[in-house]
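Peer 1: Before I ask anything, here is the structure I am working with.
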Amino acid sequence: MKNRIGIYAALTAVLFLILSFYSCKPARPEFPFREEGYWKKQGLEDIILYWTQYAADREHGGFHTTLDRQWKPYGDSMRYPSMVARHLFGYSAAYLMSGDPAHLETAKQLKDYLLNVAWDKAHGGFYDMLTVSGEAARANKNIFVQVYSITGLVMYYFITLDPEVLKYIREANSLLETKAWDPVSGGYFDELNPDWTVVDSSKSFSSVITPVSGYLLYLYLATRDEVYLGQAERIMNTVLDKMRDKDSGWILESFDRDWNYKAPPPTVTEINTGHNIETAWMLLRLHLLHPNDRFEKEALSLAEAIHRSGLDTGSGVWFASHAKDHSGGHADFSYWWIQEYGMMFDLCLFKGTGREEYLSLFDLGAAFWDKFYIDREYGDTYLGVFLDGRIKDGTKANRFKASYHNMETSLLNYLYTALWVNRRPVQLHFKITAARTGDLLYPLPIEDLDLIIKSVHLDGKVYTETDPALKAVRLPELKEGRVIVEIGK
């Protein structure tokens, strides 16, 4: 009997020690995807490092255009300025979060390629396509290529204030406004000749709204030039007036010059879920920057419809496409960028409305993202998955997939969760190329003008010249300077 009591006592002691050990371990956060560290780590360790290690073209320079799941080059070897610039965005975002000079050096090389090789010196703008050795293979001006070429330059300008880069940005944007915008019925034409005469007067989602989502909001936040805010608002009003189906309320895809809808063959997956998320997200972001009753109302109305028809609330996956008639029909797969847009949009909805349900929807979408989109064997993410999480397409790179979408998501979700959900400050890194005394550095690339600059370090020393009203750093004369800014409430 005494032996049995002794055994029980020993087992109890062991159990107590085990429980004590586990109770001392840090508890897993109740909502792990609301932790800003998850998104920063993902961008810097799970995304950009793999591009650096495997995607570089060691023979010709730059990055391979097409890479399979294991990062092996195949197929298309041409260079597309839009994809070079998307990597420029990715590495600029990586520097903004980390201050790692290696990311900045890669970004600088990509910037130099865009300005010295991809820029059409005769007519302005960017070539559509180049050979690996840098000759123009197609000199037309496809608006999708023009927009995303500007996108990478804008994020590079954001972290450097490089005046030469801003000059090119302004010229490229001016060409879109004066040559590609339809002065009669509005909207950007899909494609122009090398000399900017119109070759395809069709209009599409990818030509009309992408200047807003690609670069105009970032450019306004970097410069606070009201011209860019007005341009973005004019575009979004055009989208609502011309591209929205009056019966279903969805944003449609393709039109002729006079905005007659080019309906695809009858299908239950006519509506692009990601593009409708993108529209609502841009409307909401513009409203957060410059209150606009129309934009807020349309964003929230579209948000309700998208969540009802475009999201599987059981698993958290966003459908690639869905039925126009709200019947519930949808595609059986989705793409990585649509899942990312859904997550970022839900965090913006939480900011705009204060409703906790959007945080719960973000948690749901982020859990699916973490479980099924992250390629834990080879790095980065899959291009597409089926709704049950099986891999549909493991491609790492093609003409539409680079480091851009994943790094934008890492950056914005890092900032959104830190500043809006957890109310914690963030540190952002800048390497100013040149500045005159009094030049302003606007350090926050998200739509929250109520945040404050808490501290600034210039070349390792405390720097106190800020403008609290403008939420900006007033720079001294600089030829080059490393700036770290802490931002919070």
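Okay, residues lined up against (1) of a type in the set (S, T, N, Q); (2) outside any helix (DSSP H, G or I):
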residue	(1), (2)
Ala263	no, yes
Ala280	no, no
Leu283	no, no
Ser315	yes, yes
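Peer 1: Return the residues of region 130-170 that are farther than 16 Å from Gly214 by Cβ and surrounded by 22 or more Cβ atoms within 10 Å (Cβ to Cβ); say none if nothing qualifies.
Peer 2: Hits for region 130-170 are Leu130, Ile159, Thr160, Leu161.
Peer 1: Evaluate the following for Ala397: is it farther than 20 Å from Ala85 by Cβ, assigned by TED's automatic domain parsing to the domain that holds Glu35, in contact with a strand residue (DSSP E or B) (Cβ under 6 Å, 6 or more places away or on another chain) and not basic (Lys, Arg)?
Peer 2: no
Peer 1: Hey, does region 431-448 have a residue that's in a strand (DSSP E or B), in contact with a Gly (Cβ under 9 Å, 6 or more places away or on another chain) and within 30 Å of Gly352 (Cα to Cα)?
Peer 2: no
Peer 1: If you check Asp332, Asp293, Asp312, Asp370, which single one turns out to be more than 30 Å from Ile48 (Cα to Cα), in the same structural domain as Ala232 (by TED's automatic domain parsing) and either surrounded by fewer than 17 Cβ atoms within 10 Å (Cβ to Cβ) or polar (S, T, N, Q) (or both)?
Peer 2: Asp293
Peer 1: Give the residue, chosen from Asp258, Asp241, that is outside any loop (DSSP other than H, G, I, E, B), charged (D, E, K, R) and either over 22 Å from the mean Cα position of the chain (by Cα) or closer than 21 Å to Tyr341 by Cβ (or both).
Peer 2: Only one candidate qualifies: Asp241.
Peer 1: Here are the criteria: (1) touching a helix residue (DSSP H, G or I) at 6+ places or on another chain (Cβ under 8 Å); (2) closer than 30 Å to Lys351 by Cα; (3) at pLDDT 95 or above; (4) of a type outside the set (Phe, Trp, Tyr). Tell me which single one Lys489 does not satisfy.
Peer 2: All conditions are met except number (3).
Peer 1: Looking only at region 376-399, count how many residues are part of a loop (DSSP other than H, G, I, E, B), within 19 Å of Leu88 (Cβ to Cβ) and at pLDDT 95 or above.
Peer 2: 2
Peer 1: Could you pull out the residue among Tyr95, Tyr54, Tyr113 that is assigned to a helix (DSSP H, G or I) and buried (at least 24 other Cβ atoms within 10 Å of the Cβ)? Lay out the reasoning, then the answer.
Peer 2: Values: Tyr54 fails: buried (at least 24 other Cβ atoms within 10 Å of the Cβ); Tyr113 fails: buried (at least 24 other Cβ atoms within 10 Å of the Cβ).
Only one candidate passes the filter, namely Tyr95.
Peer 1: Among (1) on the phi > 0 side of the Ramachandran plot; (2) assigned to a strand (DSSP E or B), where does Arg423 come up short?
Peer 2: (2)
Peer 1: Among residues belonging to region 192-220 that are buried (at least 20 other Cβ atoms within 10 Å of the Cβ) and not in a helix (DSSP H, G or I), point out the one that is nearest to the chain's Cα centre (by Cα).
Peer 2: Here the answer is Ile209.
Peer 1: Right, next: Quick one: in region 337-360, which of the residues that are within 20 Å of Phe372 (Cα to Cα) and of a type outside the set (A, V, I, L, M, F, W, C) is farthest from the chain's Cα centre (by Cα)?
Peer 2: Only one residue tops the list, namely Ser360.
The values are calculated or read from the model by the stated rules, or taken from the named source; none is laboratory data. Just so it is clear, the model here is predicted, and its values are computed rather than measured. Ideal geometry is used to build each Cβ from the backbone, glycine not excepted, and the neighbour counts take in all protein chains shown.
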